[in-house]
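For reference, the structure is listed below as structure tokens.
The values are calculated or read from the model by the stated rules, or taken from the named source; none is laboratory data. Not measured: the values here are computed from a predicted model. Quick reminder, even Gly has a Cβ in these numbers, built from the backbone with ideal geometry, and neighbours come from all protein chains shown. The accessibility values were calculated without ligands, DNA or RNA, using every heavy atom of the protein model including side chains. Shrake-Rupley method; radii C 1.70, N 1.55, O 1.52, S 1.80 Å.
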Amino acid sequence: MRFRKELEKIKTYEAGKPIELIARDYGVAENEIIKLASNENPFGASPKVVAKVASLASRISRYPDDSYFVLKKALAERFTVESKNVIIGSGSDQIFEFISHALIDRGDLVLQNRITFAMYAIYTAQTGGETVVVDSDRHDLKAFEAHLDKKPKIIYLCTPSNPYGDALFSEDIFEFLKKVDPQTLVVIDAAYMEYAAFKDPRKYIDPKELIDKFPNAIYTGTFSKAYGLGGMRVGYGIGEESLIKELHKLRAPFNITTLSLAAAAIALEDREFVKKSVEHNFKEMKRYEKFAVQNGLKYEPSYTNFIALFFGQNESASDIADALLKKGMIVRDLKSYHLNAIRVTIGLTAENDRFFELFQELRR
Ligand SMILES: *Cc1c(COP(=O)(O)O)cnc(C)c1O
């Protein structure tokens, strides 16, 4: 069979290893495995969400309300926009997919940072676009500006960024947007915004302000990280009405499930749970920073729920990640980004203690 040429250039995305697989491969008991690899909320989901999902089990034979009325209304109220400014995706990943399909014609250019979320380039390649990378590790808007004359169709700004954890100032983003052609869509991937807003409010991007000032921008958020709903697959995009209308043409009906829909709506209400999660993260992050300094590791100050730890030339991050894996500790090796570094999700206090302990044991 001859597949589309575009597929030749695409490598299948390697998701974080699930606990079951490590248990099987290394013979470690499942309940002893600690996963600090996929930036999930270590507290799980809000107990209110768990209770709601359990109570809906008998309803799974029914399709959900495809207008997603309740969830859209809740998001619209949270961000002081209107429901017509909101689109729901199976994870914010699906919003990027819609965007790519809506805008890219073969050969169109998409601008992104050299080191950033790996899925942007995959959607770009799938739709026949060409990724142009800005040669910066942390997001550097001046470096992005140098490419604006190429008139990219889409620009991805990941803030805070994965896997570095750096975040842009909202003021700088608004200045940057003034220089961007109105025919270019700027995607603000705000998957970790809850953490950044807590650490430094100057890094918070207000979706309403964004789309009011710049109709060629879209804000994307997710329930997978601070809300603890990675397994439910719910994300959202907030944009100007005519843009959202076009994206809706690409959405299959019922693209999220009855349970996911209910879970997200309840999760959004439980602000206390998110606050607790973000505060815990902030506190534990400081312990990681201290640990890095004490152990001679370079780290990137992070506005997320993970930290990237960098190794010197005489030490291989991949070896460390593998050795940790054998002990039942899953972290993310950043080899695929050509970095000699690991990315560690901030866990529960005891899980973090265990990471520090295992790491020092390996180094001894
Ligand atoms: C996790 C993540 C997302 C969203 O993931 P979904 O589960 O698809 O919502 C988006 N961008 C970045 C940078 C992420 O790390």
Restricting attention to region 279-286, does a residue exist that is within 30 Å of F356 (Cα to Cα), aliphatic (A, V, I, L, M) and open to solvent by 70 Å² or more (accessible area, probe 1.4 Å)?
no
With the condition kept exactly as written, say whether any residue in region 307-329 is in contact with a helix residue (DSSP H, G or I) (Cβ under 9 Å, 6 or more places away or on another chain) and within 18 Å of G228 (Cβ to Cβ).
no
Considering only region 340-364, state which residues are open to solvent by less than 30 Å² (accessible area, probe 1.4 Å) and closer than 23 Å to A121 by Cβ.
A341, I342, R343, T345
Given (1) within 15 Å of the ligand (Cβ to nearest atom); (2) farther than 17 Å from T222 by Cβ, number of the condition F98 does not satisfy
(2)
Among the residues of region 207-218, which ones are touching a helix residue (DSSP H, G or I) at 6+ places or on another chain (Cβ under 7 Å) and in contact (Cβ under 8 Å) with a residue 60 or more places away in the chain?
I211, I218
Go through G231, G235 for me and flag whichever is out of contact with any Lys or Arg (no Cβ under 8 Å at 6 or more places or on another chain) and in contact (Cβ under 8 Å) with a residue 40 or more places away in the chain.
G235
Across region 109-125, the tally of residues that are open to solvent by less than 30 Å² (accessible area, probe 1.4 Å), over 17 Å from Y13 (Cβ atoms) and either away from the ligand (no atom under 12 Å from the Cβ) or touching a helix residue (DSSP H, G or I) at 6+ places or on another chain (Cβ under 6 Å) (or both) stands at 1
Is there any pair with a first residue in region 48-72 that is assigned by TED's automatic domain parsing to the domain that holds G89 and in a loop (DSSP other than H, G, I, E, B) and a second that is open to solvent by less than 80 Å² (accessible area, probe 1.4 Å) and among the aromatic types (F, W, Y) whose Cβ atoms are under 8 Å apart and which are 6 or more apart or on different chains, and what are they?
Y63/F254; P64/F254; D66/F254
Hey, among the residues in region 297-337 that are aromatic (F, W, Y) and within 16 Å of the ligand (Cβ to nearest atom), which one's nearest to E361 (Cα to Cα)?
F306
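Any chance you could count how many residues in region 130-160 are assigned to a loop (DSSP other than H, G, I, E, B) and touching a Ser or Thr at 6+ places or on another chain (Cβ under 6 Å)?
Number of matching residues: 3.
What do you reckon, is E357 acidic (D, E), under 23 Å from the mean Cα position of the chain (by Cα) and not assigned by TED's automatic domain parsing to the domain that holds A118?
Considered against the rule, which asks whether it is acidic (D, E), under 23 Å from the mean Cα position of the chain (by Cα) and not assigned by TED's automatic domain parsing to the domain that holds A118, E357 comes out as no.
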Quick one: in region 163-175, which of the residues that are closer than 23 Å to N216 by Cα and crowded, with 23+ Cβ neighbours inside 10 Å is nearest to the ligand (Cβ to nearest atom)?
A167
Give me the residue from region 222-271 that is within 12 Å of the ligand (Cβ to nearest atom) and in a helix (DSSP H, G or I) and, out of that set, most open to solvent (accessible area, probe 1.4 Å).
G231
